[in-house]
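For reference, the structure discussed in these notes is given below.
Only the coordinates and a few stated rules stand behind these numbers; no lab work does. Since the structure is predicted, the reported quantities are computational estimates derived from the model, not experimental observations. In this analysis, Cβ positions are derived from the backbone assuming ideal geometry, glycine residues included, and neighbour counts consider all displayed protein chains.
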Amino acid sequence: MPDETTSKPDSKRAEQPESKSAGEEPRPLTPMAIAAPIVGWLVPGGGHFLLGQWGRGLLLMASVTSMFALGILMNGKVYTFNTGDILDMLGFVGDIGAGLLYVVTRFMDWGRSSIDLATADYGTKFIVVAGLLNVICAVDAYHIAIGEKP
Amino acid sequence: MSLELSHFSAALVFAFFTSIVFGVTQRSTEREQIRYGLQCFAFFLLGTIAAGWAMWLLRH
């Protein structure tokens, strides 16, 4: 007697790769697909501007820049590359997601290197999250550039 | 210049901007984007209020 529990999933497994490869064709990597996420990372919303998505770009630019600026105004901490603390390094990864905003902030010496107030801790989170949101924006620009999203 | 927001207003501002980015990036059509953005904002707001009450209950 054939074992139903093993035979059914096997047949499904055999069908899946065929249907997936038939339905999804590999998308060509265009220069725009490379440029859009890079510009989007450097300038919040810039990737969307490059693709002619002005409305989306403006909303993303306003949101990410406002969050970052509010974090600075709340005396949030701006992380640096290597302080030896693993949490600081993770904070740096979040901060650097903001692209040129982070570079300008470091260059102008804005923000704090340590936290004095509870609200300053919120500011630190605002800065980190602004960077992480900007990475999402850059990925979204890539998806639009390759035609995965209208 | 320094800005001092209360806990709740900081959470509201955070929810507002984050919801905009989520709405724009996670949905395709304009209608869906607005709907999803509002949904995210509502969840952030309700989550903040729920967390506040949870902390109050833990303290008392």
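The charge dipole of the stretch A:54-150, taken about the Cα centre with unit charges on the Cβ atoms of Lys, Arg (+1) and Asp, Glu (-1), comes to about 220 debye, rounded to the nearest 20. Of the residues A:ALA118, A:ALA62, A:VAL104, the one whose Cα sits farthest towards the positive end of the charge dipole of the stretch A:22-150 is A:ALA62 (charges of +1 on Lys and Arg Cβ, -1 on Asp and Glu Cβ, taken about the Cα centre). For a modelled paramagnetic label at B:ILE49, 7 Å from Cα along Cα-to-Cβ, the residues of the stretch B:2-22 in reach, with backbone nitrogen under 19 Å, are B:6-17, B:19. Computed 3J(HN,Hα) for the stretch A:117-134, one whole-Hz value per residue from the Karplus formula 6.51 cos²θ - 1.76 cosθ + 1.60 where θ = phi - 60°, is 10, 5, 5, 5, 5, 4, x, 4, 5, 4, 5, 5, 5, 4, x, 5, 5, 5, glycine and proline marked x.
Globularity index of the protein assembly as shown is 1.28 (Cα radius of gyration / 2.2 N^0.38 Å, N = number of residues). Using all pairs of distinct alpha-carbon atoms, the Kirkwood hydrodynamic radius of the stretch B:8-59 works out to 11.6 angstrom. Can you find, among A:ILE72, A:LEU50, B:LEU3, the residue farthest towards the positive end of the dipole of the protein assembly as shown? Put +1 on the C-beta of Lys and Arg, -1 on that of Asp and Glu. It is B:LEU3.
Solvent-free Debye calculation, one equal scatterer per alpha-carbon of the stretch A:54-150: log10 I(q)/I(0) at 0.22 Å⁻¹ equals -1.05. For A:LYS77, the residues whose amide H sits under 5 Å from its own are A:ARG112, A:THR124, ignoring neighbours fewer than 5 places away on the same chain, with H placed 1.01 Å from N.
Per-residue 3J(HN,Hα) values for the stretch B:38-44, derived from phi via the Karplus relation 6.51 cos²θ - 1.76 cosθ + 1.60 with θ = phi - 60°, read 5, 4, 4, 4, 4, 5, 4 Hz in sequence order (x marks Gly and Pro).
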